[in-house]
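Below: the structure, in structure tokens.
The values are calculated or read from the model by the stated rules, or taken from the named source; none is laboratory data. Only a predicted model underlies this, so the values are computations on that prediction, with no experimental measurement involved. Here Cβ is always computed from backbone atoms with ideal geometry, including for glycine, and neighbour counts include all displayed protein chains. Areas reflect the complete protein model, heavy atoms only, side chains present, ligands, DNA and RNA absent. Shrake-Rupley method; radii C 1.70, N 1.55, O 1.52, S 1.80 Å.
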Amino acid sequence: MASMALQLLGFFLGLLGFTGTIVATLLPHWRSRAHVDGNIITATGYMKGLWMECVWRSTGIYQCELYRSLLALPPDLQAARALMVISCLTSVLASLVSVTGMKCTRFARGSLIKSPLVLSGGICFLCAGLLCLVTVSWTTNEVIKNFYNPLIHSGMKYEIGLAVYLGYVSACLSLAGGMVLCWSSSGDRSRQSPPHTQRGQPPEALKGNHAPSLCSASSSGYRLNNYV
């Protein structure tokens, strides 16, 4: 029962991390820049994401435009796109494998394949969390480096957006879910391994290999003193 609770906890943590990763991938709030003039009515905010660039005005107008050319994007943005998409796909695979291997599901119930499936799902969640963590860490480094670069005009500098912070939280949830699933599967394997005697032979293999005792010889109709 405790192992099933651990599996459910790890799965829901990984599922929350997967949901946050999808939301962070789609949001345009990766890099934000606010420019406020003397009149607050003309205040505008610029945001850049992995797929689009948006402009928000204080009058309530919100406009977004998708990137039209993939090759015209900077290399760090192209790499961030690829890593986040791979992270989402890995989380999908982890969710499917974990569901089939959990004790509360009917798939392969009572089979020894359940524990390896849970372990595989946990490893996939770990990989997805690492991919998301690498992406948001790389983006954070680029934003901070450009912000303190004196050669870049102040009007072209950006700050870290909310999607990056959401990516950090999602990566931590995916990593936590993967570790819990791996821990629960290791406990299952240790309980499922049969006890072994010396030289690695199970007790069943030694049945019938012991020498017959005196009582067994006498009970079979033969007496030992007839052969001595």
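Quick rundown of the values:
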| quantity | calculated |
| --- | --- |
| Any chance Lys145 is open to solvent by 60 Å² or more (accessible area, probe 1.4 Å) and touching a residue at least 12 places away in the same chain (Cβ under 8 Å) | no |
| Any hit, segment 159-168, residues being open to solvent by 40 Å² or more (accessible area, probe 1.4 Å), closer than 18 Å to Leu15 by Cβ and modelled with pLDDT of 95 or more | yes |
